[in-house]
Amino acid sequence: MTRTGTTRRRAPLRARLRRDWPLLVMVLPGALLLLVFHYVPTLGNVVAFQDYNPYLGDSALQALVNSPFIGLDNFRALFATPAFWDALWNTLSITAFQLVFFFPLPIALALLLDSVLSRRVRTLVQTIVYLPHFFSWVLVVTFFVQMLGGAGLLAQELRQAGISPPEIMTNPDTFLLLVTAEVVWKDVGWGTIVFLAALSTIDPHLYEAAAADGAGRWRRLWHIALPGLRPVIVLLLILRLGDALSVGFEQFLLQREAVGRQAAEVLDTFVYYHAITTGDYGFGAAAGLFKAAVGLVLILLANKLAHLFGERGVYSRS
Amino acid sequence: MKVDTGATTSRRAFLGLVGISATAGLLGGCGDKAAPGGATQKLDALAGVLPEQGALPAGIPKPDVISTRPVADGYTRFPSALVDAISQQPGAGGKPVTAMTPAWGPAPPSGANNNYLTAINAKLGTPVEFSVQDGNTYAEKLGAILGARDVPDLLCVPGWEVAKLARFSDAVKALFEDLTPFLSGAAVKAYPMLATLPTGAWRNACWNGRLMAVPNPTDNPFPYTLFYRKDLLKGPAPTSIDELYATGKAVTDARKGVWAFDNIFAMVQMFHKAPGSKDGWRRRSDGTPEFKYETPEFRQAAEFMAKLYAEGLVHPDVVASRGADAKQLLQSGKILFKQDGMGMWQPMQAEQQNVTPGFEVAPVPLFAVGGGSPLAWGDDEPISYTFVKKGLGKERVEELLRLVNWCSAPFGTNEYNLREFGVEGKQHTRGPDGPVKTDLGFKEIQNQYFFISGRTPVVQPTPQTPKYVPDMLAYANASVAHLEKDPWDGLKFEMPAKYKAGLVPSDDQINDILRGRRPLADLDAVVKEWRANGGDEARDLLGKALADNGR
């Protein structure tokens, strides 16, 4: 490599390849997966603008080519469906609620765990709180039904005591609390992993120096631990916003009948019931594309905001 | 061959119908457009494509109980000697056949882990590899594989799922082999077991005027039966809606964890005599069609069901989650009444009487709200259809049909016995009264080969459940007398796409009413919305079909 003045000239391509080939090889499988499972299927979004009939022609590709284009008709139909707006509203309220009542919990738990000195206790607690993440939603919902449902443990205990049990699993008004509780139980432990990793990178000397200067527990938390976590928190927050219109699927599918469409229909179940089960793929793709577009706008906005506050965000222009 | 298409509701619909009314040679290129307005196929006009009727293999004894069709005849004793129906090995040892079938309850072991499959595959000569899917969500799985055009060599499509599948006749044409040249007329003689299936079943296996599938004829026409735990219910089965309610109230004891009911809304509708033809239609006295939502009977049924929910007589697990296993609740006595297909009865009885001494399930005899003769929903459409993947080549299709033919051997043959009960000493033991399934048999045999074939239906005896045949046939033959007259009998409909899509939101809202989240008075608004969302379109199609056929 040669340097001329302050600008650095790039090495020729061959030299860079020779230097970086192990890195490129390592990236290759991931890039291939991304191509096959993300970029190629993205082309399928074309059906959002078609009266798509999967049975035209001799193959799926021919069906795609032969289905007539109908412009924005699918979107018009989508926006004219009241159930769509209900689902959108439900999805957004669940996202907003969980942003406030779920998102901070893994941070708090990670800080707590980080302050536990005994390695054994910490590992044990971590293992236990990670565990529910690996349960499927069917299991989680069944577990909640068996614990809190009308024939569950709590209800039966209350009945034995002569108290009539409250409706927990079937009350549409408190459904938001219920689904958030389920998410917390399932994923709060799993969510700590990134934060624990970030905490472990904070130089312990900082704590020691602060302690020596007389900083108490709270001041160390406020001035050292949280600032250390800030880039990670901002990053995850932005990514979460990009996913604002995805709040899960099975969880709502399973409990939809219990509390009704008004409370439990989210965008993903809407697409499932109004497009997948009825075979109206164009309509479903339109809803999916709408979701993706909103997600993209939210990510861009949040990233911009992060830059304004001096954070790196998900990416930045170099 | 000429197929009368019946209704033409609009110009667009007419374009769709061309594919159906075209004569065989003209089929290609027609009907590429789905029929958004729906379509009618007149089954009588299909005589030209149907297979010739063949006789059962010699040596099969006469049935002991003769039934009223569409209820099958029954045997109370197992034949002393079984006959060999097929002498040649059906498979040519080709590459394994892929197949997809439904099963309810735990999935059976697959591949080499299942001795039953290994034994039958050895007999067949060409192994069949099953993908067994949950029967409760089978339509969803079907929708996905059809839409992706990724179908197995042999695909089971249960009759009751057909109406749920969008653009199904398009899918049939695009994805499955036209079996007319293989099975029509005398050609069926190459597959003598298939030739024994009743003509009515074959008529239903036609789409777009062609023979597209092998039907699996039904042994009883009833979609639902209300079962109850006879051993747990002190006293006789309820004989009126008030008794049903009173019994439910009396047996529900939340503190002991016992509730009366599963979701029994279909049966409640039947007791109230709400219409059920073509999934809920009947003819008004003025000759126009009306849907169940619009009838006073349905309103009363909804009111009754809402009362059951409101008073907490339905098990909370059923109320709280789609994942609740109501069969398990009935088996463990946590509920006492459950609606299900007739197919639930015998296997549950046979299996559970070993677990719970004295266990007995029985059907509640039909009754009518307000007295008079009851109403039974039902039709004689096949249980399921077996489709063959398109484009496998003539020889492979013939091999597949020979496999299906082998699996279709009727009761009284060795082939049937192996298919139904597996190998003696492994999946069953042979007693004086016939084969008794072992635990391994219950685990491994889940109707896999049954669902890729058709057989002459009979109600067969099993040594474990000697009362089943007389009890089942007594119930079925008593109920069949009240079978609803279908004004559109012999006509096959592809309902308008808008109507199919509109049923989901309507069902949601009716569910809200049943669960007490909306008042009963909202039913009027639901009906209004349903009419605008394709309900009236479906009415036009059905009304036109009546007029065109002079009914």
In the neighbourhood of B:MET212 defined by beta carbon distances under 13 Å, the net charge of the other residues (Lys, Arg +1; Asp, Glu -1) is +3
Packing-ranked peptide list from A:258-271, B:515-528, B:485-498, highest mean Cβ count within 10 angstrom first, is A:258-271, B:485-498, B:515-528
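Kindly provide the helix-only [θ] at 222 nm of chain B, computed as the sum of -39,500 (n - 2.57) over DSSP H runs of four or more divided by all residues, to the nearest 500 deg cm²/dmol?
-9500 deg cm²/dmol
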Straight distance only, please: which lysines reach the Cα of B:LYS273 with their own Cα at less than 24 Å, same-chain residues fewer than 8 apart left out? B:LYS164, B:LYS249, B:LYS292, B:LYS307, B:LYS338, B:LYS485, B:LYS492, B:LYS500, B:LYS528
Taking loop as defined by DSSP and a crowding limit of 16 other beta carbons within 10 Å, which trypsin sites (Lys or Arg not before Pro) in the stretch A:178-238 fit? none
Put in order of increasing Cβ neighbours within 10 Å, starting from the fewest, B:TRP345, B:TRP530, B:TRP259, A:TRP190 give A:TRP190, B:TRP345, B:TRP530, B:TRP259
Could you point to the residue in A:PRO204, A:ALA96, A:ILE193 farthest towards the positive end of chain A's charge dipole, with +1 and -1 charges on the Cβ of Lys/Arg and Asp/Glu respectively? A:PRO204
Mean residue ellipticity (222 nm) of chain A, computed from DSSP H runs ≥ 4 via -39,500 (n - 2.57), nearest 500: -20000 deg cm²/dmol
Order by neighbour count: A:VAL234, B:VAL71, A:VAL47, fewest other Cβ atoms within 10 Å first, most last. A:VAL234, A:VAL47, B:VAL71
Computed ³J(HN,Hα) along the stretch A:288-297: with the Karplus parameters 6.51/-1.76/1.60, θ = phi - 60°, integer Hz and x for glycine or proline, the list is x, 5, 4, 4, 5, 5, 4, x, 4, 4
Please list the non-local residues whose amide H lies under 5 Å from the amide H of B:GLN133, H modeled 1.01 Å from N, same-chain partners needing a gap of 5 or more. B:THR101, B:ALA103
Rounded, prolate or oblate for the protein assembly as shown? Axes are the square roots of the Cα gyration tensor eigenvalues, ordered a ≥ b ≥ c, and the cut-off for rounded is a/c under 1.5. prolate
Which of B:LYS394, B:LYS141 has the fewest other C-beta atoms within 10 Å, and how do the rest follow up to the most? B:LYS394, B:LYS141
Placed amide H near B:PHE176: partners under 5 Å, 5+ positions off or other chain: B:LYS390
Checked chain B with the C-alpha gyration tensor, a ≥ b ≥ c its square-rooted eigenvalues, rounded below a/c of 1.5, otherwise prolate if a/b is larger than b/c and oblate if not; verdict oblate
Under a GNM of chain A (C-alpha, springs under 10 Å), which listed residue has the highest mean-square fluctuation: A:TRP85, A:TRP185, A:TRP222? A:TRP222
Of A:MET169, B:VAL504, A:PRO12, which is farthest along the charge dipole of the protein assembly as shown in the positive direction, counting Lys and Arg as +1 and Asp and Glu as -1 at C-beta? A:PRO12
For B:VAL459, enumerate residues with amide H under 5 Å from its amide H, sequence gap 5+ or separate chain, H modeled in the peptide plane. B:ASP73, B:GLY74, B:TYR75
In sequence order, calculated HN-Hα J values of the stretch B:185-200 (Karplus, 6.51, -1.76, 1.60; Hz; x Gly/Pro): x, 7, 4, 5, 4, 5, 10, x, 5, 5, 5, 7, 5, x, 4, x
Applied in sequence order to the stretch A:72-77, the curve 6.51 cos²θ - 1.76 cosθ + 1.60 (Karplus, θ = phi - 60°) yields integer Hz couplings, x standing for Gly and Pro, of 9, 4, 4, 5, 4, 4
Residues with beta-carbon under 15 Å from that of A:HIS223, excluding A:HIS223: net charge, scoring Lys, Arg +1 and Asp, Glu -1? +1
Filtered hits (lysines, Cα-Cα < 17 Å from B:LYS389, offset >= 8 within chain) -> B:LYS95, B:LYS141, B:LYS173
What residue among B:GLY276, B:PHE176, B:CYS156 has its Cα farthest toward the positive end of the dipole of the stretch B:151-305, where the charges are +1 on Lys, Arg and -1 on Asp, Glu, each on the Cβ? B:GLY276
Shape call for the stretch A:44-106, from the Cα gyration tensor axes a ≥ b ≥ c (a/c under 1.5 means rounded, otherwise prolate when a/b beats b/c, else oblate), comes out prolate
Residue-count net charge about A:LEU235 - beta-carbon cut-off 9 Å; Lys, Arg +1, Asp, Glu -1: 0
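A short reminder: the numbers here are calculations on the coordinates, not readings from a lab. If you're wondering where the values come from, they're calculated on a predicted model, not measured in any experiment. Glycine also receives a Cβ, built like all others from the backbone with ideal geometry; neighbour counts cover every protein chain displayed.
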